[in-house]
Amino acid sequence: MSRLISLALRIFDYKTQPLDAQNVNLVVLHIPDQIGDAMATFPLIRSLEKQQIGHLIIVASTINSPVFQALVLENTRLTVITSQFQDIATYQEITSLAHKIRQEHGVPDLCIEAMRKKNIKTLLFVKTLRAKANLQAVGLTLNCFSPVCRVASRMDQKFRAPVPMTWSILMRDAGFPVVNACFELPLATNTLQEVGEQLQGLGAYIALNLEGSIANRTFSLESARQLITLIQQVTALPIVIVHSPKKMDQMCQLVAESENVYRLSLEPSILRTAAVIKDAYLTVSPDTSIVHMASAYRTPVLAVYTDFKTRWPPMENIAEIVVVGRQVSEINHNEFTEKLSRLITRISATSTSGSDA
């Protein structure tokens with residue numbers, strides 16, 4: 001960051017108090033971002049829960065709020081506030097939200113800025129909320145951010161460590177309990193039951209996601225057909241396609257023209273998709289939140305990356321990665337088949353060793 005920009009950001013700075021984890025009661029976790037970003041914050045949440053803080057307020061986006069829908073904390077009051085996705089939120093909306101939190105709940109002892117973005121909107125929220133102390137991992141050196149952030153910021157900015165690991169280290173350095181670095185997405189019993197009823201009778205299945213968060217991570221319809229053919233050349237397991245509402249027509253067409261390929265008849269949702277991933281034999285997906293869901297439920301995954309990002313790898317032990325060019329549709333068929341076969345062999349070996357044990 002240039003010196004000029006650093007000086008400009010100083011207008012958002014303010015004097016805070018030294019952070020004392022033992023005296024933290026009210027915490028605001030700010031993450032109005034994507035689904036995967038929300039799932040990555042669970043080391044923060046679990047550490048605060050283990051500390052038995054009094055009240056946790058999570059500021060989520062309309063996109064990622066379902067991640068926290070079934071979250072239940074022991075000994076800690078939980079409030080989830082849904083706001084606009086930060087990239088489209090206005091400055092007025094951001095300042096109004098911060099003022100509302102202060103008015104309704106008092107001055108937070110701690111704000112954890114989990115957006116991992118060096119921009120005016122994140123700093124505007126922090127400055128307006130004016131918590132007694134603030135944590136972040138994006139590398140800003142403003143006085144309002146606790147100096148205990150240095151190691152986590154170095155992990156994120158220089159070493160590009162997996163995000164859940166960065167958050168786990170941050171909480172340790174801040175004096176909170178040490179927790180596992182992992183993704184989570186809690187699911188309600190009724191979601192698991194309704195999805196389970198839909199998939200009853202299929203047995204072991206492969207969950208297939210064809211969509212990424214942006215166009216170059218989304219398979220074309222023709223590439224999707226080729227991918228299904230490749231999978232079926234390797235295994236006879238049924239395929240269950242997960243998809244967003246906007247891809248409903250295309251996916252219905254794909255299922256109708258394919259043998260042993262299915263989709264839920266239920267309205268598509270993040271939580272129903274997660275339930276499919278949770279019970280899958282393995283998951284195939286481009287780089288998106290589906291990969292993190294597989295990690296959360298320890299579902300083996302074959303992930304396709306257009307540009308491998310060390311911050312967002314599969315965090316499931318049984319995983320394979322295919323790295324392609326600028327478009328996921330450019331995937332090398334031989335490499336995909338080879339890695340899918342290897343993944344199935346690894347799953348089989350693990351299952352066998354587990355049975356022997």
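The values are calculated or read from the model by the stated rules, or taken from the named source; none is laboratory data. Please read all numbers here as calculations on a predicted model, not as lab measurements. Glycine also receives a Cβ, built like all others from the backbone with ideal geometry; neighbour counts cover every protein chain displayed. Remember, those area values only see protein heavy atoms, side chains included, never the ligands or the DNA or RNA. Shrake-Rupley method; radii C 1.70, N 1.55, O 1.52, S 1.80 Å.
Before moving on, here are some points about what is shown:
- Meets criteria (free of Cβ contacts under 8 Å to residues at least 60 places away in the same chain, open to solvent by 10 Å² or more (accessible area, probe 1.4 Å) and aliphatic (A, V, I, L, M)) for VAL80: yes
- Comparison of ALA152, ALA204, ALA181, ALA174 shows that the only residue that is modelled with pLDDT of 95 or more, among the hydrophobic types (A, V, I, L, M, F, W, C) and within 17 Å of the chain's Cα centre (by Cα) is ALA181.
- Among the residues making up the stretch 42-65, those that are surrounded by fewer than 21 Cβ atoms within 10 Å (Cβ to Cβ), out of contact with any Asp or Glu (no Cβ under 9 Å at 6 or more places or on another chain) and of a type in the set (Val, Ile, Thr) are ILE57, THR62.
- Test: LEU254 is farther than 18 Å from ALA204 by Cα and touching a helix residue (DSSP H, G or I) at 6+ places or on another chain (Cβ under 9 Å): yes
- Within the stretch 124-139, the set of residues being out of contact with any strand residue (DSSP E or B) (no Cβ under 7 Å at 6 or more places or on another chain) and crowded, with 22+ Cβ neighbours inside 10 Å comprises ALA137 only.
- When each of VAL67, VAL59 is tested for being at pLDDT 95 or above, within 28 Å of ILE120 (Cβ to Cβ), in a helix (DSSP H, G or I) and touching a Pro at 6+ places or on another chain (Cβ under 9 Å), the lone residue that passes is VAL67.
- Just one residue in the set PRO268, PRO245 is in contact (Cβ under 8 Å) with a residue 12 or more places away in the chain, out of contact with any strand residue (DSSP E or B) (no Cβ under 8 Å at 6 or more places or on another chain) and farther than 29 Å from ALA349 by Cβ; that residue is PRO245.
- Candidate set: the stretch 105-127, residues that are of a type outside the set (Gly, Ala, Ser) and assigned to a loop (DSSP other than H, G, I, E, B); chosen: the one nearest to GLN86 (Cα to Cα): MET115
- Those residues of the stretch 17-55 which are charged (D, E, K, R) and assigned to a helix (DSSP H, G or I), in sequence order: ASP37, ARG46, GLU49, LYS50
- Residues (out of contact with any helix residue (DSSP H, G or I) (no Cβ under 6 Å at 6 or more places or on another chain) and open to solvent by less than 50 Å² (accessible area, probe 1.4 Å)) located in the stretch 146-186: SER146, CYS149, SER153, PRO162, VAL163, PRO186
- Failed condition for SER295, given (1) assigned to a helix (DSSP H, G or I); (2) out of contact with any Asp or Glu (no Cβ under 7 Å at 6 or more places or on another chain): (2)
- Cβ-Cβ under 8 Å pairs, at least 6 apart or on other chains, the stretch 326-347 side open to solvent by 60 Å² or more (accessible area, probe 1.4 Å), far side in a helix (DSSP H, G or I): ARG326/ASN216; GLN327/ASN216; HIS333/GLN226; HIS333/LEU230
- Residues satisfying the stated conditions in the stretch 264-292, i.e. within 13 Å of LEU192 (Cα to Cα) and either assigned to a helix (DSSP H, G or I) or of a type in the set (A, V, I, L, M, F, W, C) (or both): LEU264, LEU266, ILE270, LEU271, ARG272, THR273, ALA274, ALA275, VAL276, ILE277, LYS278, ALA280
- For the residues GLU316, GLU320, the requirement of being modelled with pLDDT of 95 or more, under 26 Å from ILE270 (Cα atoms) and either in contact with a Cys (Cβ under 8 Å, 6 or more places away or on another chain) or not basic (Lys, Arg) (or both) singles out GLU320.
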